[in-house]
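First comes the structure, then the notes that go with it.
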Amino acid sequence: MSIVTFGSFGQAARTLDVVAEQKLSTEEVEVLNNGYLTDLARAIRMGTVPVRDAFQKFLGLLPELKIWKTIVLGLHKTPAEYEEALEKKGFRIGDWARQILRKITVLQTVVELDLCVLTVAELGFKGNARYDAICARIIEIGGQLCPNELGPALREQYPDQPYGEWDVIAMEAVTDSDGDLSVFRVGHGGRGQWLNTSYGNPEALFCPDSRVVFGLPRK
């Protein structure tokens, strides 16, 4: 017979805390009590529980990460070359985007980057989400933040972007001349196809249908 230790009581309390953190309704708690917890406990004892990522995907807690586009970085060697190339091809550059474009680091070798795009809602948020929470979620599900160069590179290599689409680049924010943090936003609307910006402060909010572009590591 196993002996219940104080540690076991602490673990049981933690399990109850985890359930409580989800703020389940009475009906939802009843679903858990209707055999699900028993089945999970038995699977754990039998060693048949899949790795957590696979389990979360099975439960629908992790979005499927598909390659949306593959973009080439390092085709231009300086921010000035990007600026010139975009303008020659008729792309528009917003004032704030031009400011942070001139401050980015550009790769000196050619590298491909696989991209995924998901809305804030598809990332798992039920309402507006802070930028820092969005970035943390991307890392949590196996994605990665983009190099800053991805902003102008995506703009140049996405000439067929549908009208009305705007894509926020998940990246380390860059400080503009007003001291605000900004991230690139690539869009098609108004008077053309734009390299623009969005606020990239940690507390900046993005609505559920905002499209966020991030990188996918190659295995």
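Which is within 14 Å of the chain's Cα centre (by Cα), hydrophobic (A, V, I, L, M, F, W, C), modelled with pLDDT of 95 or more and under 25 Å from Gly90 (Cβ atoms), of Leu216, Leu154, Leu115? Unique residue meeting the criteria: Leu115. Looking only at residues in region 162-181 that are surrounded by 15 or more Cβ atoms within 10 Å (Cβ to Cβ) and out of contact with any Phe, Trp or Tyr (no Cβ under 6 Å at 6 or more places or on another chain), the one that is modelled with the lowest pLDDT is Asp180. Note on region 16-66: residues that are assigned to a helix (DSSP H, G or I), modelled with pLDDT of 70 or more, of a type outside the set (Asp, Glu) and over 26 Å from Ala121 (Cβ atoms) amount to 13.
Note on region 182-206: residues that are in contact with a Phe, Trp or Tyr (Cβ under 9 Å, 6 or more places away or on another chain), closer than 18 Å to Asp95 by Cβ and either free of Cβ contacts under 8 Å to residues at least 40 places away in the same chain or part of a strand (DSSP E or B) (or both) amount to 14. Out of all the residues in region 147-157, is one or more surrounded by fewer than 21 Cβ atoms within 10 Å (Cβ to Cβ), at negative phi and among the small types (Gly, Ala, Ser)? The answer is no; no qualifying residue exists.
Filtering region 118-146 to residues that are within 10 Å of the chain's Cα centre (by Cα), surrounded by fewer than 17 Cβ atoms within 10 Å (Cβ to Cβ) and assigned to a strand (DSSP E or B) leaves Thr119, Gln144.
The single condition among (1) buried (at least 17 other Cβ atoms within 10 Å of the Cβ); (2) out of contact with any Gly (no Cβ under 9 Å at 6 or more places or on another chain); (3) aliphatic (A, V, I, L, M) that Ala80 does not satisfy is (1).
When region 203-219 is filtered for residues that are farther than 23 Å from Ala85 by Cβ and surrounded by 12 or more Cβ atoms within 10 Å (Cβ to Cβ), the ones remaining, listed by number, are Ala204, Leu205, Phe206, Cys207, Pro208, Ser210, Arg211, Val212, Phe214, Leu216.
The set of residues from region 156-181 being outside any loop (DSSP other than H, G, I, E, B), more than 22 Å from Cys207 (Cβ to Cβ) and not polar (S, T, N, Q) comprises Glu156, Val174.
The values are calculated or read from the model by the stated rules, or taken from the named source; none is laboratory data. Nothing here was measured: the structure is a model prediction, and the numbers come from that model. Ideal geometry is used to build each Cβ from the backbone, glycine not excepted, and the neighbour counts take in all protein chains shown.
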